[in-house]
Amino acid sequence: MKFNISLISIICILTILFACEDDMYDKEAKLFTVDIQVNYPVHYNVSEANEVSVRLINIENGLCVNEVTAQTGKVTFENVKKGAYRISCGKKIPAALAVTYGETIVNQEDIDDGRLVNLNATIEDLKLGETADLGVLNLKSSLPGTYLIKEVYYTGSITPNERAYYADHFVEIFNNTDKVIFADSLCVATVYGPNGNTDSSPTEFSIDPEHVYLTFVWMVPGTGKQYPIMPGKSIIIAQDGINHRDDPNGNPNSIDLSDATWETFLLRDIQKDIDVSEVPNMKEIFTNRPNTHDWILHSYGSSIVIFKSSDIENLEVIPEPQNTQGYTIMKLPSKDVLDGFESLAYANSGIFKRIPESLDAGFIYCNGIFNSESCRRKVEDVVDGRIILQDTNNSGEDFEVISFPTPYEFE
């Protein structure tokens, strides 16, 4: 009897072991290849785009593989595992060369200044599970900006008594040229649409490449040349221009914004916003929520554009979709946008992009809310002590997430 029990036990153990071994091999990742043909923009007189950097990014674990297209414009990724991916590719070419290819966005001044043309494209939310040929991916062209968004702090922080604090949001704008530029009439705006944090649908306007749809618009006042931004320097637009660390209304775990260049102040019948007399106020141009009492960036991800418009008073205002309270949004021509910043809730939120890919081909995301993380643009070069920031018109490539905001600084 003991022998029978022992024999049965051994058989059971061997069965379990072999079953586990079978399971292990069943779960072994099956590897496959992915082919992509990268071409120049459709309006160019050349097709195959060589020496384009192409990144295959695994959305689930953040790992990425980088390849470069051959002379034929083709690139192949080997040993790809099943999963959700994002593809991001880009290249820069001199403005003078771009003109010979048929580029229309550059002028003689761009050529004389030696400016580079950005060529970018992305594929979001790509499900891969077998060998695939993704066909042709056409690059889109754009020029690097002179006014650049250097940093956007939107996550907020936590107070010592563990309360959420979001009065410390700010947007920093940088002069990326070697010339003096002026902030007069420069507008900073938040872009309409969900960020992927909820079950809501992506914005209806994501298919419109010719416009950006805005919910809040602020303008730097001035007559034209009152407010210079020196080369390699920046201005800060703060939600509240106080030293949040030691102000009675602030948060000791936050930052000092008492030296902000401007602050956003909303004058309302029922006054709740703080007006800091030492920091000049931005001019409120438009809000789709007239009853709001503060300019708050969404802590799960905010999209920002900066622009100048020669006819801002007559920009089209349309009803906000699916809204029954009469709220509206402002329709801005994409050609007026100087720079854009796209942040979404999560790595797999790409379908919720709000800024047209022609302006911003990608997006960035932070690792939570009220954790003091900030999004800062990467430094590309330093020339004679002047910092030059990276600008490929792809927030996912140009920005990095840092653990704490750095207004006016890079460390």
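Each reported figure results from applying straightforward, stated rules to the coordinates on display, with no laboratory input. This is a predicted model, so every value here is computed, not measured. Virtual Cβ from ideal backbone geometry, glycine too; neighbours counted across all protein chains shown.
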- [ ] Subtracting the Cα-Cα distance from 0.36 nm times the residue separation, let me have the gained length for ARG386 to ASN50 in nm, one decimal.
- [x] 117.8 nm
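From the square roots a ≥ b ≥ c of the eigenvalues of the alpha-carbon gyration tensor of the range 84-195, which class results: rounded (a/c under 1.5), prolate (a/b over b/c), or oblate? Kindly include the intermediate steps, with their values, before the conclusion.
Details: a/c = 3.20, a/b = 1.19, b/c = 2.69.
Taking the square roots of the gyration eigenvalues as a ≥ b ≥ c, the range 84-195 is oblate.
Mind checking Rg over Rh on the range 32-142, alpha carbons, Kirkwood formula for Rh?
Working: Rg = 15.3 Å, Rh = 14.7 Å.
Computed over Cα atoms, the ratio is 1.04.
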- [ ] For the range 142-153, take each phi angle, set θ = phi - 60°, evaluate the Karplus expression 6.51 cos²θ - 1.76 cosθ + 1.60, and give the result in whole Hz per residue in order, putting x for glycine and proline.
- [x] 7, 9, x, x, 8, 8, 10, 6, 8, 8, 10, 10
- [ ] Could you run the Debye sum over the Cα atoms of the chain, one equal point scatterer each and no solvent, and tell me log10 of I(q)/I(0) at q = 0.10 Å⁻¹, two decimals?
- [x] -0.73
Task: Whether the range 211-304 is rounded, prolate or oblate, judged on the alpha carbon gyration tensor where a/c under 1.5 counts as rounded - done: rounded
Open item on the list: Using only the alpha-carbon atoms, how far is helix 2-27 inclined from the longest principal axis of the chain? Give it as 0 to 90 degrees, nearest 10.
Closed with: 40 degrees
TODO: List the relative contact order of the range 32-142 as a percent without decimals, with contacts defined as Cα pairs under 8 Å and 6+ residues apart.
DONE: 36 percent
TODO: Over the chain, calculate the relative contact order: mean separation of alpha carbon pairs under 8 Å at least 6 apart, over the residue count, as a percent.
DONE: 16 percent
TODO: Select from THR292, SER258, GLY156 the residue farthest towards the positive end of the dipole of the range 147-402; place +1 on Cβ of Lys and Arg, -1 on Cβ of Asp and Glu, and compute about the Cα centre.
DONE: THR292
TODO: Specify the residue with the greatest mean-square fluctuation among ASP112, ASP360, ASP273, computed from a Gaussian network of the chain linking alpha-carbon atoms under 10 Å apart.
DONE: ASP112
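List the relative contact order of the range 173-262 as a percent without decimals, with contacts defined as Cα pairs under 8 Å and 6+ residues apart.
Working: 137 pairs, mean separation 30.8, N = 90.
Contact order relative to length: 34 percent.
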